[in-house]
Amino acid sequence: MKRVLTIAGSDCSGGAGIQADIKTMSAHGVFAMSVIVSVVAENTSRVIDIQDVTPDMIEKQMDAIYEDIGTDAVKVGMLSTPQCMRAVAKKLTEYRPENIVIDPVMYAKNGCPLMDPRSIDTFKSVVLPLADLLTPNIPEAEEITGMKIETIDDMKAAALKIHEMGCRAVLVKGGHYIGDASDVLFDGETFHFFTTKRIHTKNTHGTGCTLSSAIASNLANGCTMAEAVRRGKNYVTMAIEHALELGKGCGPTNHFYDLYQNGLKTL
Ligand SMILES: Nc1ncnc2c1ncn2[C@@H]1O[C@H](COP(=O)(O)OP(=O)(O)O)[C@@H](O)[C@H]1O
Ligand SMILES: Cc1ncc(COP(=O)(O)OP(=O)(O)O)c(N)n1
């Protein structure tokens, strides 16, 4: 069984963060493990509070993984402070795992900040260059590049600019775009475009976490980057199509819909 690690924040309401990552990885048939970087008291409507795990404890969790089970792919999500970023980067540099997918989580869907705005320079210099794939949404790509992104050509230009900052591939996600849900991948040589019709739903809590974890799982299972993204996009589209009407705000996506449909679950 392939092994995939998520290094991220815990979303107690289960739709995003570590919880969405583990559900996604499990739906892909890989063995999911987690390093918890922050505990977030949040739900479908708001973020109430954030408590970061100490850098020492982050490092110890990573040591526990790499002295024992190891990984075939890693997904990195919410890193709220420069201290968390440095601890994670130090251990990724020490253990040099394959297939690192980094989602530069800055805000929740409801607009609440999940990354201290003073961390962006540390993120760009210390974390970003470790990524085999960086997966910013449009506001995150704007923050990283300082560009305004309004068109597909802007998304391409942003992907190129981010690639020049040192990561090996970039996926600019178009969930915040007006019109179709179009994502642009620059794999270091070629652009690839992944477009689906926009699904009219407010229940999109955790879409970015779900997509990046699906891509990490597909890479662990041996896919090329473009194929891993193509399959990840199909998976997140399925999960949004069958999203759950839970909570008072943006409900969570449905990570196991396909498994249930195919009768793999016995109730
Ligand atoms: N309403 C939607 N309909 C179809 N696909 C969507 C919708 N919203 C987001 N997506 C897709 O979900 C994935 C995550 O994108 P996005 O929502 O931009 O990320 P984030 O959760 O980081 O803000 C992308 O593949 C995007 O195209
Ligand atoms: C703990 C935690 N991590 C990440 C997010 C943001 O996840 P994302 O997939 O970008 O989805 P939205 O929250 O933006 O819908 C989070 N909320 N909590």
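Annotations
- Residue list for segment 161-183, filter: away from ligand 2 (no atom under 16 Å from the Cβ) and out of contact with any Phe, Trp or Tyr (no Cβ under 6 Å at 6 or more places or on another chain): K161, I162, E164, M165, G166, C167, R168, A169, I178, G179, D180, S182
- Meeting the requirement of 2 or more residues that are open to solvent by 40 Å² or more (accessible area, probe 1.4 Å), the strands (runs of 3 or more DSSP E) wholly within segment 27-106 are 31-42, 47-52.
- Restricting the first member to segment 113-124 and to residues that are closer than 9 Å to P82 by Cα, and the second to residues that are part of a helix (DSSP H, G or I) and open to solvent by 30 Å² or more (accessible area, probe 1.4 Å), the beta-carbon pairs closer than 8 Å and six or more apart or on different chains are I120/E143; T122/R86.
- Of the residues making up segment 208-246, those that are β-branched (V, I, T) and touching a Ser or Thr at 6+ places or on another chain (Cβ under 6 Å) are T210, V236, T237, I240.
- Matching residues, segment 234-250, being in a helix (DSSP H, G or I) and either within 14 Å of ligand 2 (Cβ to nearest atom) or aromatic (F, W, Y) (or both): Y235, V236, A239, I240
- Subset tally (residues that are open to solvent by 10 Å² or more (accessible area, probe 1.4 Å), touching a strand residue (DSSP E or B) at 6+ places or on another chain (Cβ under 7 Å) and either farther than 26 Å from N43 by Cβ or assigned to a strand (DSSP E or B) (or both)) for segment 107-131: 3
- Each residue in segment 1-26 was checked for being open to solvent by less than 20 Å² (accessible area, probe 1.4 Å) and of a type outside the set (G, A, S), and 9 pass.
- Residue in segment 246-254 that is in contact with a Pro (Cβ under 9 Å, 6 or more places away or on another chain), surrounded by fewer than 24 Cβ atoms within 10 Å (Cβ to Cβ) and closer than 22 Å to M25 by Cβ present: yes
- The residue that is least open to solvent (accessible area, probe 1.4 Å), counting only those in segment 204-229 that are within 25 Å of K109 (Cβ to Cβ) and part of a loop (DSSP other than H, G, I, E, B), is G206.
- Answer residue from segment 187-203, given it is part of a loop (DSSP other than H, G, I, E, B) and open to solvent by less than 60 Å² (accessible area, probe 1.4 Å) and is farthest from ligand 1 (Cβ to nearest atom) among those: G188
- Residue check for T237: surrounded by fewer than 24 Cβ atoms within 10 Å (Cβ to Cβ) and under 26 Å from K161 (Cα atoms): no
- Given (1) open to solvent by 30 Å² or more (accessible area, probe 1.4 Å); (2) under 15 Å from the mean Cα position of the chain (by Cα); (3) more than 8 Å from ligand 1 (Cβ to nearest atom), number of the condition G175 does not satisfy: (3)
- Listed conditions (1) open to solvent by less than 20 Å² (accessible area, probe 1.4 Å); (2) without any contact (Cβ under 8 Å) to a residue 24 or more places away in the chain are all met by K161, apart from (1).
The values are calculated or read from the model by the stated rules, or taken from the named source; none is laboratory data. Keep in mind that this is a model prediction, so the values were computed, not measured. Positions of Cβ are backbone-derived with ideal geometry, glycine not excepted, and every protein chain shown enters the neighbour counts. Each accessible area value is taken on the protein alone, full model and side chains, heavy atoms only, with ligands, DNA and RNA left out. Shrake-Rupley method; radii C 1.70, N 1.55, O 1.52, S 1.80 Å.
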